[in-house]
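Have a look at the structure below, then the notes.
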Amino acid sequence: MSVDTGVGTLSKTAELQREQTFFDLAKQHRDSQHTASSMAGASAGTAVERRAYKNAMEKRKVASPDDPVALTRIDYEDDTKLYIGKVAIFDEEKNLLVVNWQAPAAAVANQASVHDPMGLRRKRIFDAPSNKITSFEDIVYKVLAEAVSDLDDHSYTGDALLQSLSRKRGSEMTDIVKTIQAAQDKLVRAEKDQLLIIQGGPGTGKTAVALHRVSWLLFNYQEELPPEDVLVVGPNPTFTRYIRRVLPDLGDDDVVQQALQNLLSNDVQLIGKDDPAVASVKGSGRMSQVLQRALRQRIRVPSADIRVQRRNTVLTVSVSAESIAEVLKSLQFDSFADGRRRFRQRLVELSAPQLGNIRRVDPEQFLDLRALDAEVEKIWPQITPQQFLRDLLGSKERMKRAAEGLLAPDEMEALYRQQAEKVSDEPWTMADLALLDEAQAAMREAPRTYGHIVVDEAQDLSKMQLRAIRRRSKNGSMTVVGDIAQSTGPYSRDSWDDVVAILGHEVPVHVTSQLAELEHGYRVPKQVFDVALPILQSAAPSVTPPRILRDVEYPPRFAGVPAEGLAEEVARTVFTHSGRGRFVGVIAPVQLWPIIREAFQADDLQWSESTEGELSTAINLVTPEDAKGLEFDAVIVVDPATILEMPHGERMLYIALTRTTTHLDVIYPWGSLPAILGGSDEQIPEAPEVDDDQHIASPATLTGTEEAPTGTEDSEPVGRDGSSTDGPLDTDPERLPDTIAAEGINENTSPMNGMAALDGLQQAMAVHWAKFFSAQLSENVPAKLIPAVLEELARMKLDDGLT
Ligand SMILES: Nc1ncnc2c1ncn2[C@@H]1O[C@H](COP(=O)(O)OP(=O)(O)OP(=O)(O)O)[C@@H](O)[C@H]1O
């Protein structure tokens, strides 16, 4: 909904000019802003504010000199105006021209609403790439309230937000400072010293909020919280790479961002994989006691007196087994290593009386140190956490002694693993890392700690992993982000209770619903969420679905194809999307990856794989597990029935379906569309005869559907409810005749449509060239024009080839 602000076209142009003049001026000041301290020192405001600005100027930089100086402007009823940007800007008279968004004065910009304008008359949101204002949107609170009498707080989104949500996505997340919403802002600006658990549906902005919260905390708690004292933990390297730009773009370079496996890596290589049942036992909180016991059991109380040789003699001193047992029983120590040190010291002290009158000097000098250490080693071995865990997992006997009464016999059995010859060859698994971390802390020293920790996708963490994170917190100040409905894997949970129990000590605990609910879904369009909703209701009935803000013109496309043509259909669909410059995610069970790779190769497509830890800028093959937290312009969900068969299959499918900002294709073998997606048990239609030439000529028309398998150009794709529904190729307004006419393109803009008039050989060559140029073009040519350009290029090459 846009608002008529009463500003006419001419005056709006003049206003835009005025704003541009201000933007140019502010940019000059920003560029020349160097002695920040003197400027900030003389600026208005309290001492705290002045110090804050001073530090802001010293530490923060805009990521790009082309960043607009201001993102928004707020006008108070008394005509005071405040420009808000990513950094504060002062003029040479030390007047504040632009306030940075994290400053207290800027909070009102996001928190004002129609019902409570908080003294604001207007909020202006600029669209100003490279500091050149192309337009602005005015939200005039009074006009807005009068315009829509029954407006509730939720029904006004604003064009700037919708535009921002419709933007093309890429391999890295971006900041949302310009359009952050009131409920989100409350969480961003929540007090530091608390355990804040942000629960929210897919795409409600949890990750975005958590990252902006970090930036806000860094600005507002500068004295106590330097950037390197903040840790952001993600579930896997792909996700961490996906979010890594946001904080530097907000001016916060030195925050530590790590995937959980790297944080806990303990210098071991992850080469093993646990069965879910084994991982589940390893992740249970009981393992912490098992480890403690096992560690204690490594200390051996000698059954006989021990003798230690004296230095440079054959004489020995003897220490009784009873006195050693007594020492071991009463010894207080911080870590296993510390205990060993103390025990050795006590042993020396116990030897002292037998060293005669020389004992007043350091008695250790009169003992043969090698002999002393050998005796200590027998009683209190010096082992690494890796050796310790390897010995424990590799010995049923040890495990039984340590886990008696804590683990069931079958759980102990499940944990057994044949030891590798060398510790370095042990097939360490993800679940082992938290055990190693616990052992490391108990045996050597606690890890480095942080003043604030953000944990994303926290719904999937085991209790042992949560303990490992807790261990890294200085005082419990954390922001924990997740969605119970997306909780999968061996540690899947249905509430945050155990997370609170482990993480929530020392500081107050708040779960989002007590502060501000993240109830709006910003990513997924309505048409797509309608598909995902029944799955949510079945997979997590207690979770309230997000309110979806956005419609798109593209209905989800369901394509049933012969099983043997599944991968080809995926490749064809990918080709269509990526040819239009869309950021594509193919979410498929790993067992299908080999055939999908083959199809991609056959079509000369370049792609990245989530299991390798990085997304490409174009085409990505992603497992349903890795898809968590990611988003794409176009998502192709492959074989939903197989996804449903995975552990927590419904939640996996829900996650997969909610990754798209715009286009969704569900591609499945005929007859396998799950009922929850509208499939039925109807007879599988016979596979149509596919004519090779047509196959090449018009991939779009080969998109068969379960109800109306096609293979001919005439057949019309049919939706899962039997109604006529178009695939992305045919519903895309970019391809509609009037749009095409407006673009000056004569043909259907599919890269290969419009070639039907060519004969088979010509078509084959055209297709070849179209594919060849596709990758290069997507970098340089507007997406809309690519199909037409491709076609032209293909024709030119064709002519070359024929002449
Ligand atoms: N106020 C906002 N303005 C503009 N974009 C927003 C806003 N809030 C969220 N978004 C966008 O919505 C998308 C989803 O946000 P985000 O990834 O933070 O959601 P999430 O709740 O973490 O999702 P998931 O549960 O799937 O991990 C992102 O592209 C984000 O930039």
Check: If eta is 0.890 mPa s and T is 25 °C, what Stokes-Einstein diffusion coefficient results for region 384-482, Kirkwood Rh from Cα pairs, in µm²/s?
Finding: 163
Note to self: Run the simple label-point estimate for L406 and D78 please: 7 Å along Cα→C-beta, distance reported in nm.
What the structure shows: 6.4
Note to self: Multiplying the sequence separation of V256 and E445 by 0.36 nm and subtracting their Cα-Cα distance, what value in nm do you get?
What the structure shows: 66.0 nm
Check: Along the charge dipole of region 104-243, which of V214, T204, P226 sits closest to the positive end, that is, farthest toward it, with unit charges on the beta carbon of Lys, Arg, Asp and Glu (+1, +1, -1, -1)?
Finding: T204
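Which order, highest average first, do 193-203, 398-408, 502-512 follow once you tally other Cβ atoms within 10 Å for each residue and take the mean per peptide? Walk me through the numbers before you get to the answer.
On the way: 193-203: 24.3, 398-408: 16.0, 502-512: 17.9.
By packing density, highest mean first, the sequence is 193-203, 502-512, 398-408.
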Checklist line | Paramagnetic reach from L16 (point 7 Å along Cα→Cβ, amide N under 15 Å) across region 63-79 | finding: none
Next item on the list: Report Rg/Rh for region 298-369, rounded to two decimals, where Rg is the Cα radius of gyration and Rh the Kirkwood radius.
Entry: 0.98
Checklist line | Projected-area mean, region 573-616, by convex hull of Cα positions, square nanometres | finding: 3.1
Notebook entry, point to check: Using Cα pairs under 8 angstrom and six or more residues apart, how large is the relative contact order of region 96-243, in percent?
Noted result: 23
Margin query: What would the Debye equation give as log₁₀ I(q)/I(0) for region 63-148 at q = 0.17 Å⁻¹, counting only Cα atoms as equal point scatterers?
Written below: -0.72
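With a Förster radius of 45 Å, plug the Cβ-Cβ distance of R307 and T174 into 1/(1 + (r/R0)^6) and report the FRET value to the nearest 0.05. List each step's numbers first, then the result.
Working: r = 71 Å, r/R0 = 1.57.
For R307 and T174, the calculated efficiency is 0.05.
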Check: Can you give the Rg and Dmax of region 314-410 based on its C-alpha atoms, in angstrom?
Finding: 17.0, 59
Next item on the list: Filter the cross-link list K132/K192; K168/K282; K142/K206; K186/K273 down to pairs whose alpha-carbon distance in this structure exceeds 32 Å.
Entry: K132/K192; K168/K282; K186/K273
Item checked: Full-stretch length increase - R547, R370 - with 0.36 nm per residue and alpha-carbon distance subtracted -> 56.6 nm
Checklist line | Loop chymotrypsin sites (Phe, Trp or Tyr not before Pro), region 172-270, which have at most 14 other Cβ atoms in a 10 Å radius of their Cβ (DSSP) | finding: none
Margin query: I need the P(r) histogram for region 235-389: all alpha carbon pairs, bin width 5 Å from 0 out to the longest distance, whole percents.
Written below: 2, 7, 13, 14, 12, 9, 8, 8, 7, 6, 6, 4, 2, 1, 0
Check: What order do you get for 99-111, 413-425, 617-629 when each peptide is scored by the mean count of other beta carbon atoms within 10 Å, highest first?
Finding: 617-629, 99-111, 413-425
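Give the peptides 382-392, 539-549 in descending order of average Cβ contacts within 10 Å, highest first. Please list the in-between numbers first.
Details: 382-392: 19.8, 539-549: 17.0.
So the order, starting with the most tightly packed, is 382-392, 539-549.
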Checklist line | Whether region 429-513 is rounded, prolate or oblate, judged on the alpha carbon gyration tensor where a/c under 1.5 counts as rounded | finding: oblate
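The numbers here are math on the coordinates, done by the rules we state, and not lab data. All of these numbers come straight from a predicted model, not from anything done at the bench. Here the Cβ is made from the backbone with ideal geometry for all residues, glycine too, and neighbour counts use every protein chain on show.
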